[in-house]
Amino acid sequence: MAISFDLAGKVALVTGANTGIGQAIAVALAGAGADVAVAGRSPADETLAHIAKAGRRAVGISADLSSIEPVERVIAETISALGRIDILVNNAGIIRRADLAEFSEADWDAVVDTNLKSLFFLSQAASRPMVAQGSGKIVNIASLLSFQGGIRVPSYAAAKSGVAGVTRAMANELAPQGVQVNAIAPGYIATNNTVALQADETRSRQILERIPTGRWGRPEDIAGAAVFLASSAADYVTGQILAVDGGWLAR
Ligand code: NAP
């Protein structure tokens with residue numbers, strides 16, 4: 001059997017792809033041959049231009065995923081614009097930092113709603129056409145905090161640990177229907193999400209000292225794992241949380 005990472009003829013939907021990890025994944029999926037829809041609350045013109053430059057069809061969908069209100073529409077718009085949906089990458093996410101004693105209900109709800117609740121219900125909506133066609137790939141963006149507690153980010157740790165659990169739960173149920181569900185746990189990647197950490201000299205140095213590879217990750221470092229999990233090369237991989245972390249968890 002020939003191993004293939006080719007995504008020609010496939011349609012992918014990536015959330016939160018105007019910047020950072022989502023942008024790198026959307027562009028890499030297009031580079032591997034997929035047509036790509038990107039959904040988010042900010043315009044993703046730069047990402048759409050990169051996808052078009054790769055010779056693939058690109059569609060931007062406006063959606064605020066802090067609630068599940070838009071999830072059915074996002075899937076419907078992807079299918080109406082690009083004909084089908086084969087790959088969903090749940091990447092949109094936020095983080096809120098505060099000491100335990102001061103942590104607010106608003107910061108709890110915002111993070112859990114965006115990072116976990118919307119991820120599940122968007123996956124549910126995408127799974128229907130995937131099950132109907134007998135194939136599909138769902139790739140969730142988890143975190144090192146799917147394995148660890150982190151510092152001053154309790155709602156993020158809860159949500160990302162939940163992402164690991166729901167990845168396995170969905171994988172179990174969808175495997176017999178030909179749909180694989182996996183997650184990528186990025187290490188420390190230089191994006192908007194980690195601006196505060198990068199700016200904190202002490203924390204930034206402590207983080208760097210623990211990364212065996214000796215550097216912070218770049219968004220592009222995550223893209224290869226996404227292409228692999230979206231491709232037929234990963235047809236027998238499901239329910240996994242794949243760390244792409246420069247060796248952090250091995251330490
Ligand atoms: P980022 O640059 O802040 O990207 C986050 C993306 O999510 C942006 O496109 C953002 O859109 C979008 N988003 C946030 N809230 C949204 C909402 N309510 N509706 C729709 N889209 C929304 O950070 P990133 O590092 O690339 O993060 C991408 C994913 O990787 C997140 O799930 C994050 O938790 C995860 N992750 C990051 C790291 C890291 O070290 N950077 C490590 C582990 C996991 P806006 O531009 O409009 O805000």
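Here is how the numbers come out for the structure above:
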quantity	calculated
Asp45 accessible area, assembled protein chains, probe 1.4 Å, Å²	110 Å²
The chain: calculated mean residue ellipticity at 222 nm from DSSP helix runs of at least 4, using -39500 (n - 2.57)	-13000 deg cm²/dmol
On Cα atoms only, tilt of 154-174 relative to the major axis of the chain in degrees	30 degrees
Most to least accessible of Leu88, Leu208 (protein chains only, probe 1.4 Å)	Leu208, Leu88
DSSP loop chymotrypsin sites (Phe, Trp or Tyr not before Pro) with at most 16 other Cβ within 10 Å excluded, longest remaining stretch of the chain	104-235
Convex hull (Cα only) mean projected area of the range 1-66, reported in nm² to one decimal	4.6 nm²
Cα gyration tensor category, rounded, prolate or oblate, for the range 37-78 with a/c compared to 1.5	oblate
Sum of side-chain charges, Asn18 neighbourhood, beta-carbon under 15 Å (Lys, Arg +1; Asp, Glu -1)	-2
Surface share of carbon and sulfur [accessible, 1.4 angstrom probe, percent] for the chain	53 percent
Square roots of five times the Cα gyration tensor eigenvalues for the range 23-143, Å	27, 17, 12
Å² of accessible area per residue within the range 137-251, as computed with a 1.4 Å probe and no ligands counted	44 Å²
Two-site label geometry, Ala98 and Ile68: point separation in nm, points 7 Å out along Cα→Cβ	2.5 nm
Largest-first principal axis extents, alpha carbons of the range 112-251, Å	51, 30, 23
Reachable lysines, given that their alpha-carbon falls under 29 Å from the alpha-carbon of Lys117 and they are not under 8 places away in the same chain	Lys10, Lys137, Lys160
Compactness index (Cα Rg / 2.2 N^0.38 Å), the chain	0.96
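The values are calculated or read from the model by the stated rules, or taken from the named source; none is laboratory data. Everything numeric in this text was worked out from a predicted model, so none of it was measured. As a convention, Cβ positions derive from the backbone with ideal geometry for all residues, glycine included, and neighbour counts pool all protein chains shown. Accessible surface areas use protein heavy atoms only, side chains included; no ligands, DNA or RNA. Shrake-Rupley method; radii C 1.70, N 1.55, O 1.52, S 1.80 Å.
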